[in-house]
1. In terms of modelled amide H atoms, which long-range or inter-chain residues lie less than 5 Å from the amide H of residue 189?
2. Output wanted: per-residue J couplings in Hz (rounded whole) for segment 150-156, from phi through Karplus 6.51 cos²θ - 1.76 cosθ + 1.60, θ = phi - 60°, x for Gly and Pro.
3. Among the lysines, select those whose C-alpha is under 20 Å from the C-alpha of residue 70, and discard any that sit fewer than 8 residues away in the same chain.
4. Once amide H atoms are placed 1.01 Å from N in the peptide plane, what residues at a sequence separation of 5 or more from residue 134, or on another chain, have their amide H within under 5 Å of its amide H?
5. What is the sum of charges around residue 212, taking Lys and Arg as +1, Asp and Glu as -1, for the other residues whose C-beta is under 13 Å from the C-beta of residue 212?
6. Could you put 120, 134 in order, starting from the residue whose Cβ has the fewest other Cβ atoms within 10 Å?
7. Explain nothing, just compute: Karplus ³J(HN,Hα) = 6.51 cos²θ - 1.76 cosθ + 1.60, θ = phi - 60°, for every residue of segment 84-91 in order, whole Hz, x for Gly and Pro.
8. So what's segment 177-231 giving for Cα Rg divided by 2.2 N^0.38 Å, two decimals?
Amino acid sequence: MRFAVLQFGGSNCDRDTLHVMADVCGVDTDLVWYKDGLKRDYDGIILPGGFSYGDYLRAGAIATRTPVMKDVISHSQKGGLVLGICNGAQIGAEAGLIPGVFTINEYPKFICDQVYLRVENNTSPFTSLFRKGEVVKIPIAHKEGRYVAPQKTLKSLDDDNRIAFRFCNEKGEITPESNPNGTADNITGILGKDDNVLLMMPHPERASEDVLGSSDGKKIFDSMIKYLDSR
């Protein structure tokens, strides 16, 4: 089993993610500079958080158009796992791995905070170690994290059980007050059409060790490992 953490100019959560995969989870993981491309076969690819290319144009727009993303798209089309976190989610959405986009927060400022998420789907390769309806605590750090899509698309995602996480309060209630950025229907984690892609704004790598205040995020990485072990 082998993972790749892609590194773009402006990535700043790449080494955090590498640490969690390699040191905390104990999985063979490469840090791959985007210009070098994917020269090995990987079971999972992680697009980490940061500010690729300074978020010029819009978050993720330039990184999406680098040649390595063709390899990422091909990897996903073959059933390989792809996890996009924060800026990685913005890149993945720009690349068409899910419908809709992540855009500027309803109140246009950078938000860095601890938030609660409710697990909406616990049958995907990324969420199988959670309970459906479980409330987890994972931090966010973004200015362009508001997920938007046409109403028809939102209904389709709901009907197809492709919403992985929603912002909620500590009791698991989905409320306007628990929505930090104005995202549609409190959505903050979306699965690809074949469930092998997860794009999410919260940072599970920052909640993967108890010393950080929460290890809830580690279940996402452990779920991926369990899925690949079972294949």
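Nothing in this text is a laboratory measurement; each read-out follows from the coordinates by a stated rule. None of these values were measured; they are calculated from a predicted model. All Cβ positions, glycine included, derive from the backbone under ideal geometry; neighbour counts span all protein chains shown.
1. Here 164, 165 satisfy the definition.
2. Karplus values, whole Hz, x for Gly and Pro: x, 4, 4, 5, 4, 5, 5.
3. Output for residue 70: 35, 39, 78, 193.
4. 119
5. Here the count lands on -2.
6. 134, 120
7. Each residue of segment 84-91 in turn: x, 10, 6, 4, x, 5, 5, 5 Hz.
8. 1.33
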